[in-house]
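Beneath this line is the structure, given in structure tokens, with notes to follow.
The values are calculated or read from the model by the stated rules, or taken from the named source; none is laboratory data. Every value quoted in this text rests on a predicted model; they were computed, and no experiment measured them. Here the Cβ is made from the backbone with ideal geometry for all residues, glycine too, and neighbour counts use every protein chain on show.
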Amino acid sequence: MSASPLPLARLLQLASPALPVGAFSYSQGLEAAIEAKVVHDTPSAAGWIGDVLELSIARMDAPVLLRLLQAWSAADFAAVQRWNAVFLATRETAQLRAETVQMGFSLRRLLLDLRLGDARSHEMLRELPEISFLVPYALAAVAWGIVPSDAVIGYLWGWLENQAMAAVKAVPLGQTDAQRMLAALAERLPRLASDAAALGDDAVGNFTPRLAMLASRHETQYSRLFRS
């Protein structure tokens, strides 16, 4: 658990949908899954979001985030660069890559405006020509003294909440159905964070071909609410 209430408040700020990084404008393939009738009601939305959470986000984003947290804590800037490059290389579509780069750019600008971190960290942020969202997120968590396991759960929760809100707009789902789905899926987060911490470097990765195909289709989908 966090040693003081302040890191918890900082984590809530970092995971908040009010964070000005544009996460609300993306659906990560969910809208294309709705167009393809893969997702059409509450059970199918919960199944899709739960599968992406388990098979992609928890197996790639979460362990890479843990390594970036460790790298920033140790001022290991070479490791920051390496894991940023690894994460960008795993984005299976132009849409998924553009999303993390745009959000990373926005969060980097915010951290620099807030002067969060030291001068060397700021220099490192500026040196990365393309920066994934995970990199400044990890720096903020370290600078604010957020426990790594809490930072991972906060990241997973932020992703999950954004997916639920996208489902409300696009399926559509009622607000109560969305909250019921969030409550059920959130129960998995402590286990997923623990599993991510146990993964060795060679085990970090995801294989979600259906997500990749639908995210690709979304790039040319005629009518859409979310960015591609």
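Applying the selection to the range 124-142, what residues are out of contact with any Ser or Thr (no Cβ under 8 Å at 6 or more places or on another chain) and closer than 13 Å to Leu107 by Cβ?
So in the range 124-142, the residues out of contact with any Ser or Thr (no Cβ under 8 Å at 6 or more places or on another chain) come out as 124-131, 135-138, 140-141.
Passing the criteria: Leu125, Leu128, Ile131, Val135, Pro136, Tyr137, Ala138, Ala140, Ala141.
When you go through Ala197, Ala193 one by one, which is the residue that is under 18 Å from the mean Cα position of the chain (by Cα), surrounded by fewer than 14 Cβ atoms within 10 Å (Cβ to Cβ), of a type in the set (Gly, Ala, Ser) and within 27 Å of Ser16 (Cα to Cα)? Give the steps one after another, and end with the answer.
Values: Ala193 fails: surrounded by fewer than 14 Cβ atoms within 10 Å (Cβ to Cβ).
When all the criteria are applied, what remains is Ala197.
On the stretch given as the range 211-228, residues that are touching a residue at least 24 places away in the same chain (Cβ under 8 Å) and out of contact with any Asp or Glu (no Cβ under 9 Å at 6 or more places or on another chain) total 1.
Among the residues making up the range 186-210, those that are over 19 Å from Val86 (Cα atoms) and hydrophobic (A, V, I, L, M, F, W, C) are Ala186, Leu189, Leu192, Ala193.
If you scan the range 1-56, which residues turn out to be small (Gly, Ala, Ser), under 23 Å from Asn206 (Cβ atoms) and either modelled with pLDDT of 95 or more or not in a loop (DSSP other than H, G, I, E, B) (or both)? Residues satisfying the conditions are Ala15, Ala23, Ser25, Ala32, Ala33, Ser44, Ala45, Ala46, Gly47, Gly50, Ser56.
When restricted to residues that are crowded, with 21+ Cβ neighbours inside 10 Å, among the hydrophobic types (A, V, I, L, M, F, W, C) and within 10 Å of the chain's Cα centre (by Cα), the range 139-158 contains 2. If you go through the range 103-115 one residue at a time, do you hit one that is of a type in the set (Asp, Glu), surrounded by fewer than 21 Cβ atoms within 10 Å (Cβ to Cβ) and out of contact with any Leu (no Cβ under 6 Å at 6 or more places or on another chain)? The answer is yes, given that some residue of the range 103-115 is of a type in the set (Asp, Glu), surrounded by fewer than 21 Cβ atoms within 10 Å (Cβ to Cβ) and out of contact with any Leu (no Cβ under 6 Å at 6 or more places or on another chain). Among the residues making up the range 1-44, a single one is among the hydroxyl-bearing types (Ser, Thr, Tyr), buried (at least 21 other Cβ atoms within 10 Å of the Cβ) and over 23 Å from Ala193 (Cα atoms): Tyr26.
Of all residues in the range 45-87, exactly one satisfies the criterion of being surrounded by fewer than 18 Cβ atoms within 10 Å (Cβ to Cβ), farther than 18 Å from Ser27 by Cα and either of a type in the set (Asp, Glu) or under 14 Å from the mean Cα position of the chain (by Cα) (or both), namely Asp76.
Identify the residue in the range 200-228 that is hydroxyl-bearing (Ser, Thr, Tyr) and part of a loop (DSSP other than H, G, I, E, B) and, among all such residues, is surrounded by the most Cβ atoms within 10 Å (Cβ to Cβ). Outline the logic, then answer.
Filtering the range 200-228 down to residues hydroxyl-bearing (Ser, Thr, Tyr) leaves 208, 216, 220, 222-223, 228.
Among the residues that remain, those that are also part of a loop (DSSP other than H, G, I, E, B) are: 208, 220, 222-223, 228.
On the way: Thr208: 19, Thr220: 9, Tyr222: 5, Ser223: 6, Ser228: 21.
By that ranking, first place goes to Ser228.
Only helices (runs of 4 or more DSSP H) wholly contained in the range 104-199 count here; list those with 2 or more residues that are over 30 Å from Asp41 (Cα atoms) and modelled with pLDDT under 95. Output list reads 119-127.
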